[in-house]
Amino acid sequence: MMKLKKTVPVLLAALSLSAVLIGCSGGGASTDGQTSGSSVSTAANASPEALAAKIRESVTLTDMQPLTESDISAMYGIDLNDVAAFAGEIDSTGLRTDEFLIIEAKDSAAAERILTKMRARQTQRMNEAKNYNPEGYATVQKSPVAQKGNYVYLFFSEDADTMLDILNENVA
């Protein structure tokens with residue numbers, strides 16, 4: 001009887017530990033075609049709103065106004081049905097080319113469509129600045145417009161490198 005009293009708690013502890021370890025490992029299953037180790041990092045992606053907040057904390061952008069849903073569809077031609085979440089700002093004075101936009105697309109096909117629209121926006125902004133704002137033209141021309149997973153972004157700013165670093169640190 002004494003031996004059974006000692007064995008039961010040890011067995012229960014071993015079962016509990018096994019359940020915890022199996023739960024943490026994800027059972028080796030993969031939902032996105034990648035190994036379970038890399039799928040853990042995808043869950044840690046920051047939202048576009050959180051990324052925008054980090055950008056505002058890290059770089060100085062003056063006279064900026066937030067981009068709205070109507071801006072996304074009117075200025076960029078992006079179908080809002082492709083957008084899961086977004087955040088961005090644009091120069092409110094019209095004198096500078098400062099602008100940033102981060103969109104989390106609903107899926108990879110939507111991300112491709114959004115990227116095409118953002119590249120068209122970059123071309124449009126370069127054409128607008130070409131004759132009256134050579135510095136702005138150069139800034140927009142060298143600024144990143146790209147995709148990382150389902151995140152699509154553009155950073156028209158002298159601080160584009162810092163903005164890109166923030167995105168890369170917070171999006172897998």
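For the reader, a short list of remarks on this structure follows.
- A cut-off under 14 angstrom between Cβ atoms defines the neighbours of Thr97, and their net charge, with Lys, Arg +1 and Asp, Glu -1, is -4.
- Computed from the Cα positions only, the extents of the stretch 46-170 along the three principal axes stand at 38, 28, 23 Å, in decreasing order.
- Spin-label model, Asn127 to Ser47: label points 7 Å out along the Cα-to-beta-carbon direction sit 3.6 nm apart.
- Annotation note: trypsin sites (Lys or Arg not before Pro) in the stretch 104-163 located in DSSP loop regions with a Cβ neighbour count of at most 13 within 10 Å are Lys130.
- 12 Å beta-carbon shell around Gly77, net charge (K/R +1, D/E -1): +1
- Amide H contacts under 5 Å for Tyr151, placed H, 5+ residues apart: Ala105
Every number here is computed from the coordinates shown, using simple stated rules; none is lab data. Remember, predicted model here, so these are calculated numbers, not experimental data. Glycine also receives a Cβ, built like all others from the backbone with ideal geometry; neighbour counts cover every protein chain displayed.
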